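Chemist: Let me begin by handing over the structure; questions about it come next.
The values are calculated or read from the model by the stated rules, or taken from the named source; none is laboratory data. All of these numbers come straight from a predicted model, not from anything done at the bench. For neighbour counting, all protein chains shown are included, and Cβ atoms are generated from backbone atoms with ideal geometry for every residue, glycine included. Areas reflect the complete protein model, heavy atoms only, side chains present, ligands, DNA and RNA absent. Shrake-Rupley method; radii C 1.70, N 1.55, O 1.52, S 1.80 Å.
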Amino acid sequence: MRQILLIAAGEWRYWLRSYFALAGVLVFLLLIVTSSILTAFRIDAETHTRVEQQQESEQTFLEQPDRHPHRMVHYGHYIFRAPAPLAIFDPGLDSVTGQSIFLEGHRQNTTMFAESSVSADFGGLSAVSPALIYQLFAPLIIILLGHAALVRERESAALSPLLSLGVSGPRLILGKVLALFSFILILLLPLLVSGALTLVRGEDPRSVLLLFTVYLVYLLLWGLMTLWLSTISAKRSTALAVLAGLWFMWSLVLPSIAVNIASSTLPLAGKIETDLAMLNEKRKLGDGHNANDPAFKQLRADLLEKYGVQQVEKLPINFRGLVAMEAEQKLTNMLNEYAQARMERESEQEKLIGNYAWLTPMLAISFVSRAIAGTDLEHYHRFQKEAEALRFSFVQGLNQAHMQELSYQDDINRNKDQASWLRARVDASSWQVLDRYQFKTAVFTERFSHIKAPMQVLLIWLFLMLMVLLYSARSLKP
């Protein structure tokens with residue numbers, strides 16, 4: 001053990017004497033600290049803005065005066081998705097998928113995109129998150145420090161004396177691994193600081209610990225691969241060139257290829273294409289604004305029979321309100337089928353991209369990081385489903401008020417004169433059907449269940465790299 005510690009200490013002395021390596025570390029620290037501060041400020045500002053907008057939107061809806069209930073169906077309501085606590089480390093898909101939805105009757109609107117000015121405010125640095133720094137640039141620093149660990153001893157002809165003095169290959173490698181492992185722990189300190197800040201915002205400590213662990217596995221994987229190539233290379237330039245090429249392929253080329261293949265293999269239908277496909281089906285469902293639409297003929301007949309009357313005017317409920325409820329239910333069922341198909345398609349795309357994690361650990365760590373942070377596709381779908389549930393709930397609540405609290409006669413005569421117009425209103429207390437909304441990140445166990453597959457890929461990568469390094473260490477030659 002003493003030999004291993006001495007080798008690790010020697011490696012640290014070499015790093016501290018190497019100004020080139022120190023410069024690289026300082027640049028990394030500058031990047032990670034800058035991106036952490038900018039991302040934390042941005043996410044904090046967005047959180048306050050969205051929470052305030054959510055409260056203002058709910059207050060505006062609830063303070064509306066007496067109106068015809070169907071006007072409130074079209075008046076609509078906004079909901080906002082507050083960022084997850086760990087979004088200050090990994091914003092994930094949030095900036096791409098949008099943060100708010102306008103809810104109204106008869107349609108499911110898409111989420112709205114973040115403002116483009118957000119990027120301009122920070123000179124473009126807003127897109128460089130701490131997670132991206134760890135995924136892209138931390139491996140470069142590890143390569144910079146570790147590529148010469150073994151090959152340096154070989155080039156300086158110091159490897160042969162070391163081995164002849166009784167320092168075995170595995171011990172020599174373990175000393176280098178220990179040095180690199182301790183350096184990786186130092187690299188991860190900013191992540192721990194970011195994680196600690198999220199605990200104040202209600203983040204689960206297990207999520208922070210898991211995030212630290214997966215990034216430790218990812219960076220250790222790069223460290224082992226760097227040492228392995230340093231072990232089998234004859235020259236430092238060769239080791240550095242191969243490692244730089246692997247970083248380029250794993251971090252930039254293969255992820256882009258995987259995304260392009262998934263987009264072309266499993267294409268998503270565009271909005272116009274989807275709207276045209278739904279248009280014909282919507283016509284068959286009937287117009288909820290027209291109580292005489294043939295689509296509601298059977299509903300009318302069943303209702304008249306149930307109450308034993310001959311005309312809808314004699315019904316104890318407003319038939320127009322009932323038609324609105326029936327139409328909204330049918331339309332929502334159809335819209336949900338399209339929405340579910342689109343979500344499944346997006347999930348298939350993500351699964352296909354995830355399969356390429358066997359070729360590059362960059363994809364695996366990005367999936368795991370987003371899932372733990374609560375900024376992945378699963379959370380985006382969750383927001384859409386909760387938004388739709390809220391939309392359907394308050395629209396049907398208003399339709400219920402339309403059916404129960406407004407007479408059929410007042411309803412159909414509302415445009416005759418001012419007095420009729422005033423009678424065709426319901427009390428503003430009916431707007432209380434709107435539920436308060438607050439988006440919450442999934443609990444830790446649910447998030448953990450989504451990372452099992454990519455986490456297995458990372459661990460297998462780590463195991464294989466450890467095996468090839470140990471094999472090379474046992475056959476280490478000058």
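Chemist: From the helices alone, meaning DSSP H stretches of at least four residues, give me the mean residue ellipticity at 222 nm for the chain, per-run term -39500 (n - 2.57), in deg cm²/dmol to the nearest 500.
Modeler: Working: 22 runs with 325 residues, N = 478.
It lands at -22000 deg cm²/dmol.
Chemist: How many angstrom lie between the Cα centre of region 349-363 and the Cα centre of region 24-83?
Modeler: 31 Å
Chemist: Could you state the angle between the C-alpha long axis of helix 361-373 and the longest principal axis of the C-alpha atoms of the chain, as a value from 0 to 90 degrees rounded to the nearest 10?
Modeler: 50 degrees
Chemist: Give me the percent of the accessible area of the chain that comes from carbon and sulfur atoms, probe 1.4 Å, all protein chains in place.
Modeler: 61 percent
Chemist: For a quick check: with amide H placed at 1.01 Å from N, whose amide H comes under 5 Å from V426's, ignoring anything fewer than 5 positions away on the same chain?
Modeler: R67, H68
Chemist: By how many degrees, between 0 and 90 and to the nearest 10, does the Cα long axis of helix 2-17 differ from the longest principal axis of the chain?
Modeler: 80 degrees
Chemist: Tell me which residues come under 5 Å, amide H to amide H, from G98 once H is placed; ignore anything under 5 positions away on its chain.
Modeler: A114
Chemist: I would also like to ask the following. Could you work out the local net charge near R414, counting Lys and Arg as +1, Asp and Glu as -1, over the other residues with Cβ closer than 12 Å to its Cβ?
Modeler: Around R414, the charge tally is +3.
Chemist: Something else: Is there a pair in K176/K235; K330/K385; K351/K440 whose C-alpha atoms are over 22 Å apart, and which pairs would that be? Spell out each step's value before the answer.
Modeler: On the way: K176/K235 18 Å; K330/K385 17 Å; K351/K440 24 Å.
Going by Cα-Cα distance, K351/K440 fall outside the 22 Å limit.
Chemist: Assuming R0 = 22 Å, what is the FRET efficiency of A158 and M1, from their Cβ-Cβ distance, to the nearest 0.05? Please list the in-between numbers first.
Modeler: Working: r = 22 Å, r/R0 = 0.99.
Between A158 and M1 the formula returns 0.50.
Chemist: I'd like the distance separating the alpha-carbon centroids of region 138-161 and region 424-478, in whole Å.
Modeler: Each part's Cα centre sits 35 Å from the other's.
Chemist: Please compute the per residue accessible area over the chain with all protein chains in place, 1.4 Å probe, rounded to a whole number of Å².
Modeler: Working: 23280 Å² over 478 residues.
Result: 49 Å² of accessible area for each residue.
Chemist: Still on this structure, please answer the following. Mind listing the phi-derived Karplus ³J(HN,Hα) values for region 239-256, rounded to whole Hz, using 6.51, -1.76 and 1.60 with θ = phi - 60°, and x for any glycine or proline?
Modeler: Per residue, the Karplus-derived 3J(HN,Hα) values read 4, 5, 5, 5, 5, 5, x, 5, 4, 4, 5, 5, 8, 10, 7, 4, x, 5 Hz.
Chemist: Okay, moving on. For region 32-87, what class follows from the C-alpha gyration tensor (a ≥ b ≥ c being the square roots of its eigenvalues): rounded when a/c is under 1.5, otherwise prolate if a/b is larger than b/c, else oblate?
Modeler: Working: a/c = 5.62, a/b = 3.96, b/c = 1.42.
Prolate shape, in that a/c is at least 1.5 and a/b is the bigger ratio.
Chemist: What are the ³J(HN,Hα) couplings of region 424-430, residue after residue, when phi is run through the Karplus curve with 6.51, -1.76, 1.60 and θ = phi - 60°? Round to Hz, x for glycine and proline.
Modeler: Once rounded to whole Hz, the list reads 8, 10, 10, 5, 5, 4, 5.
Chemist: Ok, one more. When the Karplus curve 6.51 cos²θ - 1.76 cosθ + 1.60 is applied with θ = phi - 60°, which whole-Hz ³J(HN,Hα) does each residue of region 264-277 get, with x for Gly and Pro?
Modeler: With coefficients 6.51, -1.76 and 1.60, one gets 7, 6, 10, x, 9, 5, x, 5, 5, 4, 5, 4, 5, 5 Hz.
Chemist: Does anyone have the angle between helix 189-200 and the longest principal axis of the chain? Alpha-carbon axes, 0 to 90°, nearest 10?
Modeler: Between the helix axis and the principal axis of the chain, the angle is about 30 degrees.
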